[in-house]
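Single-structure report; data block below.
The values are calculated or read from the model by the stated rules, or taken from the named source; none is laboratory data. From a predicted model like this one, the values you see are computed outputs, not experimental measurements. No Cβ is skipped: glycine too gets one built from the backbone with ideal geometry, and neighbour counts run over all protein chains shown. These accessible areas exclude ligands, DNA and RNA; they are computed on the full protein's heavy atoms, side chains included. Shrake-Rupley method; radii C 1.70, N 1.55, O 1.52, S 1.80 Å.
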Amino acid sequence: MTKLLIKLFVKDKDNVTDPAVRGRYAALAGITGILLNLLLFAGKLTAGLLAASVAVIADAFNNVSDAGSSVVTLIGFRLASKPVDKEHPLGHGRLEYITGFIVDMLIILVGAELFKSSIEKIASPRLPSVTTLTLVLLGAAILVKLWLFFFYRKIGRLIDSSAIKATSFDSISDVVATTLVLVSALVAKFAGLAIDGWAGILVACFILFTGLKAAKETIDLLLGTPPSSEFIKAVYDFVKGYPEVAGIHDVIVHDYGPGRKFISFHAEVPANSDINYAHDVIDCIERDMNEKFGCVVTIHLDPIVMDDPRVDKMRILAEKAAEDEDPAFTIHDFRMTYGGRHINMIFDLCVPSDCKLSTAEAAKRVAERISEKNPDCYAVIKAEHPFV
Ligand SMILES: [Zn+2]
Ligand SMILES: [Zn+2]
């Protein structure tokens with residue numbers, strides 16, 4: 001079935017790395033999800049209202065929230081591919097997060113509402129009038145969700161999409177929820193016990209949990225999450241291919257959605273290299289990275305003294321002081337100036353964001369360590385948190 005759908009609706013189906021083909025897979029997954037979930041919603045809502053069962057009604061709304069997230073995913077793929085315009089030079093990728101957030105809020109609202117009606121149902125229990133139709137509909141709903149699970153899993157693996165894989169997990173947890181509702185309906189019909197309200201509460205909690213989790217993820221994306229360590233490693237490895245650059249630091253990645261990524265970093269070049277040549281190399285890296293990673297790259301040039309043994313010695317000393325304070329500290333942009341009695345060492349200190357010390361305290365402590373051991377050294381330190 002899944003194979004047939006792919007064959008029918010996904011043009012050029014084997015080219016799974018092409019964004020256009022991925023978009024078609026996502027559209028197929030999204031539209032199938034919306035149609036089936038709306039169908040499930042209609043069926044369960046009818047059954048729930050006929051049987052006066054709050055649990056079945058809650059389970060029906062669980063399907064609406066799934067259809068809602070599928071709509072957002074679809075819109076997201078559409079909007080993200082909308083070209084930049086005069087008002088939005090950074091593209092429209094983040095619109096996906098905003099629509100996502102609105103849907104998350106609606107899901108939470110529905111969950112809270114269902115929680116309330118379930119409590120009322122527990123306070124004044126009434127046996128739902130479960131019919132064979134109710135049971136058949138719930139059973140069919142479980143089978144449909146099971147099929148959706150396999151369907152999403154297949155497509156998620158095919159195009160290696162974490163969003164679609166996550167949807168497949170959501171389907172399997174829906175199977176559990178509906179099974180629970182089915183059990184409570186069976187208990188009502190055959191044991192005459194009204195546990196409907198309790199099952200309703202469980203499903204409501206389920207919806208609330210899904211909504212809150214999704215909202216947290218959306219907020220994270222809106223605030224800006226750090227780039228993946230694989231991406232940063234790929235950037236470092238790429239620059240290593242240019243022997244003129246001794247190292248890089250202060251990498252910043254701005255992500256405005258797929259295809260709208262901006263990177264900046266400092267490239268260390270030997271202080272005695274020709275400025276025109278160094279600039280040419282830097283320009284080259286910017287161009288090559290744009291081609292390889294599809295992002296806009298800006299590189300700042302940092303001259304470093306590499307052939308002065310005195311500078312080397314002092315730099316190692318500063319590195320040691322930073323490491324002694326905290327093994328996670330690193331330094332860069334090391335320079336030296338000679339005063340009459342003192343040597344000034346000037347450098348940047350990179351303090352991990354989870355460090356207990358403030359950047360100012362960290363700088364002070366490292367400076368103290370240096371002047372303790374070398375009274376004729378004065379350290380001027382600029383400490384900062386990394387952006388990656
Ligand atoms: Zn720098
Ligand atoms: Zn330039």
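Selection of region 244-283 for residues being part of a strand (DSSP E or B), open to solvent by 50 Å² or more (accessible area, probe 1.4 Å) and among the hydroxyl-bearing types (Ser, Thr, Tyr) yields an empty set.
Could you tell me how many of the residues in region 284-298 are under 25 Å from PHE334 (Cβ atoms) and either away from ligand 1 (no atom under 16 Å from the Cβ) or touching an Asp or Glu at 6+ places or on another chain (Cβ under 6 Å) (or both)? Steps first, answer last, please.
Of region 284-298, the ones under 25 Å from PHE334 (Cβ atoms) are 285-286, 297-298.
From the residues that got through so far, the ones that are either away from ligand 1 (no atom under 16 Å from the Cβ) or touching an Asp or Glu at 6+ places or on another chain (Cβ under 6 Å) (or both) too are 286, 297.
Total meeting the criteria: 2.
Out of all the residues in region 176-192, is one or more closer than 21 Å to VAL103 by Cα, assigned by TED's automatic domain parsing to the domain that holds ALA60 and surrounded by fewer than 19 Cβ atoms within 10 Å (Cβ to Cβ)? For region 176-192, residues closer than 21 Å to VAL103 by Cα, assigned by TED's automatic domain parsing to the domain that holds ALA60 and surrounded by fewer than 19 Cβ atoms within 10 Å (Cβ to Cβ): absent. The condition (being closer than 16 Å to ILE164 by Cβ and either open to solvent by less than 50 Å² (accessible area, probe 1.4 Å) or without any contact (Cβ under 8 Å) to a residue 12 or more places away in the chain (or both)) is satisfied by just one residue among LEU49, LEU114, LEU36: LEU36. The numbered conditions (1) touching a residue at least 24 places away in the same chain (Cβ under 8 Å); (2) more than 27 Å from the chain's Cα centre (by Cα); (3) away from ligand 2 (no atom under 16 Å from the Cβ) are all true for GLY241 except (1). Only residues that are part of a helix (DSSP H, G or I) and either open to solvent by 70 Å² or more (accessible area, probe 1.4 Å) or modelled with pLDDT under 85 (or both) were counted in region 122-131, giving 1.
Pairing each residue of region 284-299 that is hydroxyl-bearing (Ser, Thr, Tyr) with any residue that is away from ligand 2 (no atom under 13 Å from the Cβ), provided the two are 6+ apart or on different chains, yields C-beta distances under 8 Å for THR298/PHE262; THR298/ILE263.
For every residue, the table says whether it meets (1) charged (D, E, K, R); (2) within 14 Å of GLY111 (Cβ to Cβ).
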residue: ALA188; (1), (2): no, no
residue: PHE206; (1), (2): no, yes
residue: GLY211; (1), (2): no, yes
residue: LYS216; (1), (2): yes, no
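Within region 319-333, restricting attention to residues that are more than 12 Å from ALA363 (Cβ to Cβ) and open to solvent by less than 30 Å² (accessible area, probe 1.4 Å), the residue that is farthest from ligand 1 (Cβ to nearest atom) is HIS332.
Return a yes/no flag: does region 343-362 have any residue that is part of a loop (DSSP other than H, G, I, E, B), touching a helix residue (DSSP H, G or I) at 6+ places or on another chain (Cβ under 6 Å) and at negative phi. Scanning region 343-362 turns up at least one residue that is part of a loop (DSSP other than H, G, I, E, B), touching a helix residue (DSSP H, G or I) at 6+ places or on another chain (Cβ under 6 Å) and at negative phi. Given (1) in a helix (DSSP H, G or I); (2) open to solvent by 90 Å² or more (accessible area, probe 1.4 Å); (3) farther than 25 Å from ILE252 by Cβ, identify the lone condition not met by TYR378. Of the numbered conditions (1) in a helix (DSSP H, G or I); (2) open to solvent by 90 Å² or more (accessible area, probe 1.4 Å); (3) farther than 25 Å from ILE252 by Cβ, the odd one out for TYR378 is (1). Looking only at residues in region 216-243 that are hydroxyl-bearing (Ser, Thr, Tyr) and open to solvent by 70 Å² or more (accessible area, probe 1.4 Å), the one that is farthest from ligand 1 (Cβ to nearest atom) is THR225.
If the condition is being surrounded by 15 or more Cβ atoms within 10 Å (Cβ to Cβ) and on the phi > 0 side of the Ramachandran plot, then region 132-175 contributes no residue at all.
Entry remark, region 54-90: residues being outside any helix (DSSP H, G or I) and either among the polar types (S, T, N, Q) or not assigned by TED's automatic domain parsing to the domain that holds GLU113 (or both) number 1 in total. For region 285-307, taking the residues that are modelled with pLDDT of 85 or more and of a type in the set (Asp, Glu), the one that is surrounded by the most Cβ atoms within 10 Å (Cβ to Cβ) is identified as ASP302. Taken over region 308-318, the criterion of being under 16 Å from HIS249 (Cβ atoms) and surrounded by fewer than 16 Cβ atoms within 10 Å (Cβ to Cβ) is satisfied by no residue.
Output yes when any residue across region 334-343 is away from ligand 2 (no atom under 16 Å from the Cβ), closer than 30 Å to ASP255 by Cα and open to solvent by less than 60 Å² (accessible area, probe 1.4 Å), and no when none is. Yes: one or more hits. Screening PHE387 against (1) in a loop (DSSP other than H, G, I, E, B); (2) away from ligand 1 (no atom under 16 Å from the Cβ) leaves a single unmet condition, (2). Output the residues belonging to region 247-297 that are of a type in the set (Lys, Arg) and away from ligand 2 (no atom under 13 Å from the Cβ). Within region 247-297, ARG260, LYS261, LYS292 qualify.
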